[in-house]
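K.L.:
Shown below is the structure under consideration.
The values are calculated or read from the model by the stated rules, or taken from the named source; none is laboratory data. None of the values given here were measured: they were computed from a predicted structure. Note: ideal-geometry Cβ built from the backbone for every residue, glycine included; neighbour counts use all protein chains shown.
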Amino acid sequence: AQYSEVDEDGKKIINYQFSKKYDYPKNSKPEYLCALAVADLDTSKLAADFDLDVEYLTNNTTSIPRSKVKMQNIIVNGQVSSKSCVYYLEEDMSIWSGHLHAIPIGNNQVGYMTGLTTTPDSRKLIKKNVDNTTVQDFRPVERISKLKFDLSFIQTGNISLSEAYKFTRDRTDVLKQPAYFSQNWISRGYDGSAKLLFGM
């Protein structure tokens with residue numbers, strides 16, 4: 001599947017979506033699992049479709065054009081990955097999605113900079129851990145969907161009104177329980193609108 005969008009600079013971007021399913025053995029419990037994705041430019045197909053001479057792209061001194069490698073942790077230490085990391089440019093805290101590399105900064109710590117290697121154009125990056133919304137674990141949902149609930153007592157018709165009241169009441173005895181809502185106060189706003197305030 002594919003869909004197109006226009007970015008803030010007016011450029012048209014075509015997004016391609018595809019899925020791949022991998023089945024793990026039922027009783028296996030992997031400690032680590034990650035997915036790697038990279039896109040290659042099919043130069044031979046490009047040459048055939050547009051009658052281009054792309055010989056310079058396939059010689060020994062030029063590598064095949066490809067995107068950066070995208071890695072997604074799925075299982076870490078036997079648990080579904082709940083965190084991911086995002087890199088921000090230190091100068092303006094905008095998200096960096098390009099190539100990056102690690103550099104030692106002392107005390108057995110590493111920092112990150114843009115580019116594949118350090119050059120005069122490399123800029124400092126800040127790494128932040130964020131919630132991982134890409135990887136989702138549907139096993140609890142599957143377990144719940146397999147549960148059987150016996151609701152036959154509702155369908156028997158033998159429940160008296162007083163018993164039904166016990167099933168559905170939500171501590172509504174005003175003599176023993178405090179009120180759910182406070183008194184309400186009303187006032188007029190500067191533009192003549194009504195303002196209402198109450199407590200819960």
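K.L.:
Residues of the range 173-200 being modelled with pLDDT of 70 or more, surrounded by fewer than 10 Cβ atoms within 10 Å (Cβ to Cβ) and of a type in the set (A, V, I, L, M, F, W, C), which ones?
P.N.:
Selection gives Ile186, Ala194, Leu196.
K.L.:
Restricting to the range 1-37, name every residue that is modelled with pLDDT of 85 or more, within 19 Å of Lys70 (Cα to Cα) and in a loop (DSSP other than H, G, I, E, B).
P.N.:
Answer for the range 1-37, where residues must be modelled with pLDDT of 85 or more, within 19 Å of Lys70 (Cα to Cα) and in a loop (DSSP other than H, G, I, E, B): just Tyr32.
K.L.:
Of the conditions (1) among the small types (Gly, Ala, Ser); (2) under 24 Å from Tyr22 (Cα atoms); (3) surrounded by fewer than 13 Cβ atoms within 10 Å (Cβ to Cβ), Ser81 clears all except one; give me its number.
P.N.:
(3)
K.L.:
Please work out if Ser122 is without any contact (Cβ under 8 Å) to a residue 60 or more places away in the chain, assigned to a loop (DSSP other than H, G, I, E, B) and surrounded by 11 or more Cβ atoms within 10 Å (Cβ to Cβ).
P.N.:
yes
K.L.:
May I ask you to verify whether Gln109 is at pLDDT 80 or above, surrounded by fewer than 10 Cβ atoms within 10 Å (Cβ to Cβ) and either under 30 Å from Ala1 (Cα atoms) or not aromatic (Phe, Trp, Tyr) (or both)?
P.N.:
yes
For (1) closer than 25 Å to Val38 by Cβ; (2) assigned to a strand (DSSP E or B); (3) of a type in the set (Val, Ile, Thr), each residue gets a yes or a no:
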residue: Tyr87; (1), (2), (3): yes, yes, no
residue: Glu91; (1), (2), (3): no, no, no
residue: His101; (1), (2), (3): yes, yes, no
residue: Pro104; (1), (2), (3): no, yes, no
residue: Val110; (1), (2), (3): yes, yes, yes
residue: Leu116; (1), (2), (3): yes, no, no
residue: Val130; (1), (2), (3): yes, yes, yes
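K.L.:
Which one is modelled with the lowest pLDDT among residues in the range 67-84 that are of a type outside the set (A, V, I, L, M, F, W, C) and assigned to a loop (DSSP other than H, G, I, E, B)?
P.N.:
Here the answer is Lys68.
K.L.:
In the range 20-41, which residues are touching a Gly at 6+ places or on another chain (Cβ under 9 Å) and surrounded by 10 or more Cβ atoms within 10 Å (Cβ to Cβ)?
P.N.:
Matches in the range 20-41: Pro30, Tyr32.
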